[in-house]
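J.: This is the structure, below, for whatever I ask next.
The values are calculated or read from the model by the stated rules, or taken from the named source; none is laboratory data. All values reported here derive from a predicted model rather than from experimental measurement. With ideal geometry, Cβ positions are generated from the backbone for all residues, glycine too; neighbour counts draw on all protein chains shown. Ligands, DNA and RNA are stripped out before the accessible areas are found, and what is left, the full protein with its side chains, is counted by its heavy atoms. Shrake-Rupley method; radii C 1.70, N 1.55, O 1.52, S 1.80 Å.
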Amino acid sequence: MKQWLIGSLIFVAILAFAINGCKPQNMATAVTGDAASKVYVAPGKYDEFYNFVSGGFSGQMAVYGLPSGRLLKVLPVFSVNPESGYGYSEESKPMLNTSHGFVPWDDLHHPELSQTNGEVDGRWIFGNANNTPRIARLDLKSFKTAEIIEIPNSSGNHSSPFITENTEYVIAGTRFSYPMDNKESNPDVSIDTYKDNFRGTVSFVGVEKETGHMDIAFQILLPGVNFDLSHSGKGPSSGWFFFSCYNTEQAYTLLEVNASQKDKDFIMAVNWKKAEEYVKQGKGKKQKVRYAVNRFDEHTHTATSTIKEEVLVLDPKELADMVYFIPCPKSPHGCDVDPTGQYIIGSGKLAATIPVFSFAKLQTAIQAKDFDGDFDGIPVVKYESALYGEVKKPGLGPLHTEFDGKGNAYTSFFVSSEIVKWNIEKLEVLDRVPTYYSIGHLCVPGGDSQKPFGKYVIAYNKITKDRYLPTGPELTQSAQLYDITGDKMQLLLDFPTIGEPHYAQACPADLIAKNSLKIFKIEENTHPRAAKGEGQAKVERNGNDVHVYMTSIRSHFAPDNIEGVKLGDNVYFHVTNLEQDWDVPHGFAVKGANNAELLIMPGETQTLKWTPDRVGVFPFYCTDFCSALHQEMQGYLRVSPAGSKVELKYSMGKTEKPE
Amino acid sequence: MKKIAIFLSLVIFLAACGGGQMTPPNQPTTIKKTSSSPEDDMLAQGKGIGEVKSVELGTPLDQARVGRGKSIYDMKCSACHKLTAERVVGPGWLGLTKTRKPEWIMNMITNVEVMLEKDPEAQKLLELCLTRMPNQNVSIGDARDVLEFMRQVDGEK
Ligand SMILES: [Cu+2]
């Protein structure tokens with residue numbers, strides 16, 4: 001009871017600080033004179049960086065140009081998107097399939113760019129789904145979601161999808177521990193048996209080098225705590241992965257107080273090379289689970305979903321030298337490894353210090369068995385033995401750190417709403433700037449790789465009171481761009497974002513732009529119902545299913561008159577866009593459609609299922625302004641009563657009177 | 001934005017036609033004849049503008065080319081061009097190889113944006129059809145095959 005009270009008081013004190021502390025004293029001096037010229041990108045000129053920003057609860061990812069902050073595209077990942085028909089078209093529906101069935105929404109927190117030799121390579125970007133645990137891989141040639149894998153034995157897939165130096169693995173750590181057994185998991189047990197029954201896992205998802213195809217290589221079974229963030233080792237710490245954990249109190253109610261009791265939680269160090277050895281030696285145990293692997297084929301323009309039923313689990317209680325805990329103050333969030341790979345930086349959400357751990361010291365401590373007992377069978381390395389040093393009084397509530405490649409670290413402080421720049425070797429604070437307002441993650445282009453392109457740091461803010469025109473109770477969240485080329489950070493710009501800009505990655509534009517796909521080659525379209533040329537346009541009946549093989553080109557559909565559809569039929573419009581010109585998609589919409597429209601890229605085939613609910617003549621049209629005669633791009637489909645004698649027929653360019 | 005630009009330029013076209021002025025915009029009313037570039041020479045010879053400078057036509061027709069040309073036509077061209085003289089979205093193909101130089105036809109297929117910007121004959125067609133011919137990403141080799149197919153359409157053996 002007393003502990004409870006103290007905890008509450010601390011929480012209230014921090015909250016009070018947050019409310020009063022987040023608003024800067026003098027906004028007028030926040031931006032200096034030449035900021036606008038530094039972010040101005042003239043019409044016809046390109047931005048220097050791509051910035052991939054998570055859409056949080058929108059389930060999507062957004063692409064901005066830097067330094068302008070202009071929104072270039074919203075990429076649908078885990079949420080259906082009526083703009084393009086993603087998740088609505090017959091071809092894309094399988095992308096959102098899971099062991100729970102069709103899940104059309106999620107909470108995307110962390111984008112992660114693929115790397116080769118520890119450097120950003122511009123091939124793919126990964127994103128995590130927190131709610132129904134999944135990892136997506138987006139192809140940066142087509143800017144489409146190419147693959148989604150569900151993670152079994154996981155709830156709240158938060159420390160994800162961080163990657164190893166050559167994208168050998170993307171990882172997925174569960175935020176919520178929960179009971180799991182060997183019979184497709186999650187048995188019915190009393191919640192107050194948390195300590196006995198609840199477990200956590202981290203998953204290593206293998207990524208095939210050429211295709212990017214993902215599958216779960218192995219999972220590690222862990223004590224019941226909450227896993228928050230993670231990062232790969234690099235250089236000297238290659239072969240290791242680090243995760244932050246909180247709630248080592250193993251509380252299961254009112255965590256805001258009960259998970260903040262201990263002075264220190266843990267950074268978990270995983271030797272994944274060792275784990276690989278155990279896998280090779282057959283030491284893992286196969287467990288029965290169910291999870292979906294969904295892949296989009298660029299040639300058939302169609303996704304397939306496969307349910308898998310087994311996963312390999314390693315137990316560190318039985319397999320030594322694989323997992324260690326390092327104490328870390330106080331409810332750590334960020335877990336970041338500097339570009340040299342020597343230092344691991346933990347950030348306690350409730351701490352007023354930043355602990356910097358040394359990988360070399362950690363190895364020495366492990367060899368000397370310099371342990372402070374164990375936690376649920378896993379050795380706990382002594383804090384001082386792994387510690388390189390602490391940054392004293394940097395601010396309140398450090399969250400996440402990225403690096404400029406020049407020996408400096410940039411840490412976000414949620415509670416005191418600021419970015420603090422500090423020197424890693426010297427542990428000295430060099431500069432601090434306010435953010436407007438409560439910052440979560442931050443991003444330096446390439447800032448979690450071995451080779452940051454340290455020109456900017458971007459803050460991703462949760463609260464924007466008074467920064468923009470009001471839009472009712474809900475205001476946009478925002479990103480802020482700071483120049484970090486000088487000794488002092490300089491605020492240049494803030495720009496609104498979609499959903500929640502939780503975390504982001506950025507890289508030089510030329511890594512990606514040069515490979516960008518302009519069209520899908522129609523010669524390579526292997527969609528089974530493609531009409532590759534107007535000569536192949538047709539309508540076929542198969543029982544109650546009517547398949548329309550339709551083509552679109554500026555400025556007409558073929559066929560554009562269809563009769564003989566009857567009530568009770570399902571109509572499948574398979575629309576092939578015959579254009580082979582960049583930036584000429586065509587849309588397809590039909591009156592009364594219960595799902596969405598389609599937006600079909602040049603050379604692509606997409607299918608809209610439409611079930612007429614009444615007799616009549618229904619227009620369909622192109623929704624994307626494609627030419628001067630776009631408005632004329634339309635057609636009619638006639639629906640007759642069930643059992644009617646109207647023959648199935650279709651045409652285009654025929655205007656005779658009926659016989 | 002690009003789409004709006006295309007639309008606006010067509011609106012200007014329409015307005016210009018409505019006013020009885022047939023001079024397309026961006027076209028100088030007087031052409032300096034002082035020095036002639038290779039581009040001007042091509043235009044003057046009715047070959048259009050593009051990579052295709054000269055084409056050798058053979059007889060009899062190369063049947064392999066005709067076959068390939070037809071399948072490209074079916075996939076990428078038939079939506080807008082009939083094999084008769086009837087104009088739909090674009091001009092019908094019948095008789096085209098008799099009235100246009102082979103170089104002009106191949107340049108129109110492979111270099112359509114520049115042709116619509118600079119070639120007076122292409123511009124006349126745009127005024128007639130009001131739909132910009134799409135760039136269908138046809139290679140020079142494929143365009144040659146299409147040309148062979150067009151010759152067959154025109155009755156050549
Ligand atoms: Cu259209």
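J.: Cross-link partners among aspartates and glutamates for A:K465, C-alpha distance below 12 Å, same-chain residues fewer than 8 apart left out?
T.: Within the straight-line cut-off, A:K465 pairs with A:E474.
J.: Also, quick follow-up: In Å², what does the accessible area per residue of segment A:150-199 work out to with a 1.4 Å probe?
T.: Heavy-atom SASA per residue in segment A:150-199 reads 40 Å².
J.: Moving to a separate point now. Mind jotting down the distance between the C-alpha centroids of segment B:41-67 and segment A:561-578, whole Å?
T.: For segment A:561-578 versus segment B:41-67, the Cα centre distance is 42 Å.
J.: Where Rh denotes the Kirkwood radius from the mean inverse Cα pair distance, what is Rg over Rh for segment A:333-476?
T.: Rg/Rh: 1.05.
J.: Hey, another quick one. Out of all Cα-Cα pairs in segment A:374-429, roughly what percent, to the nearest whole number, are more than 16 Å apart?
T.: 53 percent
J.: Work out the FRET efficiency for A:K451 and B:V55 from their Cβ-Cβ distance, taking R0 = 60 Å, and round it to the nearest 0.05.
T.: Efficiency for this residue pair is about 0.75.
J.: Need one value for B:126-134: mean number of C-beta atoms belonging to other chains within 10 Å of its residues' C-beta atoms.
T.: Counting other chains' Cβ atoms within 10 Å and averaging over B:126-134 gives 3.
J.: Pairs to check: A:K406/A:K462; A:K45/A:K406; A:K209/A:K406; A:K264/A:K392. Give those whose C-alpha atoms are more than 21 Å from each other in this structure.
T.: A:K406/A:K462; A:K45/A:K406; A:K209/A:K406
J.: Report the B-A buried area as the accessible area lost on both sides summed, probe 1.4 Å, in Å² to the nearest 100.
T.: Chain pair B/A: roughly 1800 Å² of buried accessible area.
J.: With the cut-off at 1.5 for a/c, could you classify segment A:164-272 from its C-alpha gyration tensor as rounded, prolate or oblate?
T.: Verdict is oblate for segment A:164-272.
J.: Right, here's the next one. Go through A:W422, A:W105 and list them by solvent-accessible area, largest first, probe radius 1.4 Å.
T.: The residues order as A:W105, A:W422, largest area first.
J.: Of the DSSP beta bridges with both residues in the protein assembly as shown, give the percent that are antiparallel, rounding to the nearest 5.
T.: Here the antiparallel bridges make up roughly 90 percent for the protein assembly as shown.
J.: Would you mind giving the mean number of other chain beta-carbons within 10 Å of the Cβ of each residue in B:88-95, as a whole number?
T.: Whole-number average of other-chain Cβ neighbours for B:88-95 is 1.
J.: Still on this structure, please answer the following. Can you return the aspartates and glutamates within cross-link range of A:K369? Criterion is Cα-Cα under 12 Å, with same-chain partners fewer than 8 residues away left out.
T.: Excluding near neighbours in sequence, the set is A:D321.
J.: To the nearest 500 deg cm²/dmol, what mean residue ellipticity at 222 nm is calculated for the protein assembly as shown from DSSP H runs of n ≥ 4 alone, each contributing -39,500 (n - 2.57), summed and divided by the residues?
T.: Calculated mean residue ellipticity at 222 nm is -4500 deg cm²/dmol.
J.: For labels at A:I191 and A:D376 in the simple 7 Å Cα→Cβ model, what's the distance in nm?
T.: Each label point is offset 7 Å from its Cα along the Cβ direction, giving 1.8 nm.
J.: Number of Lys pairs in segment A:274-336 with C-alpha atoms less than 22 angstrom apart, excluding same-chain neighbours closer than eight positions?
T.: Close lysine pairs under the 22 Å cut-off: 15.
J.: Okay, next question. In nm, to one decimal, how far is the A:K45 label point from the A:N544 one, both placed 7 Å along Cα→Cβ?
T.: Reported label-point gap for A:K45 and A:N544 is 6.1 nm.
J.: Sort segment B:32-107 into rounded, prolate or oblate with this rule: let a ≥ b ≥ c be the square roots of the eigenvalues of the Cα gyration tensor; rounded if a/c is under 1.5, and if a/c is not under 1.5, prolate when a/b is larger than b/c, oblate otherwise.
T.: Prolate.
J.: Using a simple spin-label model with points 7 Å from Cα along the Cα→Cβ vector, what separation in nm is obtained for A:D215 and A:T526?
T.: Modelled inter-label distance: 1.9 nm.
J.: Using +1 at the Cβ of each Lys and Arg and -1 at the Cβ of each Asp and Glu in the protein assembly as shown, identify which of B:W104, A:T145, A:P332 lies farthest towards the dipole's positive end.
T.: After comparing all options, I get B:W104.
J.: Are there any helices in chain A, counted as whole DSSP H runs, that stretch 27 Å or more along their axis by Cα and score at least -0.5 on average by Kyte-Doolittle, and if so which?
T.: Helices passing the filter in chain A: A:2-21.
J.: Show which lysines lie in cross-link reach of B:K53 when reach means a straight Cα distance below 25 angstrom and same-chain residues fewer than eight apart are skipped.
T.: B:K32, B:K33, B:K70, B:K76, B:K98, B:K101, B:K118, B:K124, B:K157
J.: For a test of the definition: using alpha carbon positions, the gyration tensor, and the 1.5 limit on a/c, classify chain A as rounded, prolate or oblate.
T.: Verdict is prolate for chain A.
J.: Moving on to the next point. In segment A:501-659, how many lysine pairs have Cα atoms under 17 Å apart, counting only pairs 8 or more places apart or on different chains?
T.: 10
J.: While we're looking at this one, here's another question. What full-extension length gain, to one decimal in nm, is calculated for A:K654 and A:A320 as 0.36 nm per residue of separation minus the Cα-Cα distance?
T.: Stretched out fully, the A:K654 to A:A320 stretch lengthens by 112.5 nm.
J.: Moving to a separate point now. Just the C-alpha atoms of segment A:43-150: what Rg/Rh do they give, with Rh taken as the Kirkwood radius?
T.: Rg divided by Rh gives 0.99.
J.: Quick one: putting +1 on the C-beta of Lys and Arg, -1 on the C-beta of Asp and Glu, what dipole do you get for segment A:175-222 around its Cα centre, in Debye to the nearest 20?
T.: Charge dipole of segment A:175-222: 180 debye, to the nearest 20.
J.: Loop-only trypsin sites (Lys or Arg not before Pro) in segment A:393-456, please: DSSP not H, G, I, E or B, and at most 14 other Cβ atoms within 10 Å.
T.: A:K406, A:K426
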